[in-house]
Amino acid sequence: VGAHARERRGINPFMVMNELEGGHGTLACSSGMMAVHLALLAALVDRPKRVVAGNVLYGATTHMLMTVFGALGVETHFVDVCDLAAFEAAVAEHKPGAVVVESVSNPLLRVCAVDKIAAISRHAGAPLIVDNTFATPMLLRPLELGASMVIHSATKYLAGHNDVLGGFVLGAAALVDKIKLFQKTVGGVLDPHA
């Protein structure tokens, strides 16, 4: 998009997130939790209904995995992201359809080795979903470290003014196409005024 077109239309949040995270496609969602939900749906739709997740995730993410996805038959196994040997063993044992971690956990601020967990996930053939809300792309770019999808709650740092509820999910083109299909089907799009 040329500079004149950007000036006429204003800043495009999709292009900004792609630039910041180095993604191939970005979708804006009604909330960070909708971004988590869509990423998990896209990852698990044609894969084993098992998740290996960090044991210190945002409470609503843990609740979603246990109650919403649990009710749909998805098994979730929680493992300490700071114990790579235990994490690798859990992935080998459970053969997950997806792996979910936070780059910096909310609220305990545990920092995981995204590159190492990405290698473990890749070896198991499972997409890695990284919630990068706390770190933001200014401090960490999980896609460059091997993550398959990155999610953000834009409600926190990205919105900047504490007046917007939103989320982003981005990643490789094939995954973003799946997410786009689910988003059109179940809703969860960002309010145009936001």
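The values are calculated or read from the model by the stated rules, or taken from the named source; none is laboratory data. This one's a predicted model, so the numbers in the text were calculated from it and none came from an experiment. Note that we place each Cβ from the backbone using ideal geometry, even for glycine, and neighbour counts take in every protein chain shown. For the accessible areas, the whole protein counts, side chains as well, though only heavy atoms, and no ligand, DNA or RNA atoms are used. Shrake-Rupley method; radii C 1.70, N 1.55, O 1.52, S 1.80 Å.
Being within 14 Å of the chain's Cα centre (by Cα), within 20 Å of Val176 (Cβ to Cβ) and of a type in the set (A, V, I, L, M) is a property that Leu44 has. Looking at region 48-81, which of its residues are open to solvent by 50 Å² or more (accessible area, probe 1.4 Å) and either in contact with a strand residue (DSSP E or B) (Cβ under 6 Å, 6 or more places away or on another chain) or among the polar types (S, T, N, Q) (or both)? Across region 48-81, the qualifying residues are Arg50, Asn55, Thr67, Glu75, Phe78.
Residues in region 1-33 that are modelled with pLDDT of 80 or more, farther than 18 Å from Ala172 by Cα and in contact with a helix residue (DSSP H, G or I) (Cβ under 8 Å, 6 or more places away or on another chain): Met33 alone. Quick one: what pairs do we get from region 49-76, first residue over 16 Å from Met34 (Cα atoms), second of a type in the set (Ser, Thr, Tyr), C-beta under 6 Å, 6+ apart or different chains? As it stands, the answer is Val51/Thr76; Ala53/Thr76; Val56/Ser105, since those pairs meet every condition given.
Close contacts from region 24-39, counting a first residue that is farther than 21 Å from Gly146 by Cα and a second that is surrounded by fewer than 24 Cβ atoms within 10 Å (Cβ to Cβ) and at pLDDT 95 or above, with Cβ to Cβ under 7 Å and a gap of 6+ residues or different chains, come to Met33/Ala60; Met33/Met64.
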